[in-house]
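Notes for the one structure printed next.
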Amino acid sequence: MRRWLWLVPFTLAFAPTFAWFAERWTDGIYRNGHGVFMPFLMGYLAWEQLKQDRDPEPRASAWGWLFLGGGLALLVLDGGINSQLLSGAAFVVALPGVALLLLGARRTRAIALPLVIGVFMLPIPAGAITRLYMVLRTVTAVVVAQLVPLFGIPLARDGTTLSIPGNQIEVADNCSGFA
């Protein structure tokens, strides 16, 4: 039981990060709506993998301190710059450390996939999305401009604006295909 008590200060240290995750995940489907499912998916996959382990003895690995220390260092750094994304990354980096310290190296290797999936909890930075949106908007407009005339509807394209007789349609970020 004492082995698990240090998770209390760990959880308290990352509490603002958990709140930020929840805020970002529930902000809308266009802003990392899948993130809310990642902890459940990770937990399920880890649980299924660990159920197969018949060794009753936990075998802690000191290598966990390396990951945990790196994660906490990123958390402290983010405390100064308040980016929140860095604290989210700190949590993802710290997870293997927690697993190594509580479960040992063999069990942590067994749940490596769920730990890697933790990266998908992180929201995509806005700067990366803006560039990606423009490319996807253009691709969507080009494909639609090729397909719609096949149904007998005349269509002209100017950038991401599609013109049909009597109307103009703008291919916007939300219809770029990203979501």
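Brief remarks on what is shown
- Residue check, Thr17 within 30 Å of Ile129 (Cβ to Cβ), in contact with a helix residue (DSSP H, G or I) (Cβ under 6 Å, 6 or more places away or on another chain) and among the hydroxyl-bearing types (Ser, Thr, Tyr): yes
- Among the candidates Val93, Val98, Val135, residue that is open to solvent by 40 Å² or more (accessible area, probe 1.4 Å), under 23 Å from the mean Cα position of the chain (by Cα), within 30 Å of Lys51 (Cβ to Cβ) and aliphatic (A, V, I, L, M): Val93
- The residues of the stretch 102-119 that are open to solvent by less than 20 Å² (accessible area, probe 1.4 Å) and farther than 25 Å from Arg24 by Cβ, listed by number, are Leu102, Gly104, Thr108.
- Among the residues of the stretch 54-85, those identified as touching a helix residue (DSSP H, G or I) at 6+ places or on another chain (Cβ under 6 Å) and open to solvent by 40 Å² or more (accessible area, probe 1.4 Å) are Ala60, Trp63, Phe67, Leu74, Gln84.
- For beta carbons closer than 7 Å, sequence separation of 6+ or different chains, a first residue in the stretch 110-125 that is within 12 Å of Ala89 (Cα to Cα) and a second that is part of a helix (DSSP H, G or I) and among the charged types (D, E, K, R), the qualifying pairs are Pro123/Arg24.
- Subset of the stretch 1-19 (residues that are at pLDDT 90 or above, surrounded by 11 or more Cβ atoms within 10 Å (Cβ to Cβ) and among the hydrophobic types (A, V, I, L, M, F, W, C)): Ala13, Phe14, Phe18, Ala19
The values are calculated or read from the model by the stated rules, or taken from the named source; none is laboratory data. A quick note: this is a predicted structure, and the numbers were derived from the prediction, not measured. Cβ: placed from backbone, ideal geometry, glycine included. Neighbour counts: every protein chain shown. Please note that ligands, DNA and RNA were not included when accessible areas were found on the heavy atoms of the full protein model with its side chains. Shrake-Rupley method; radii C 1.70, N 1.55, O 1.52, S 1.80 Å.
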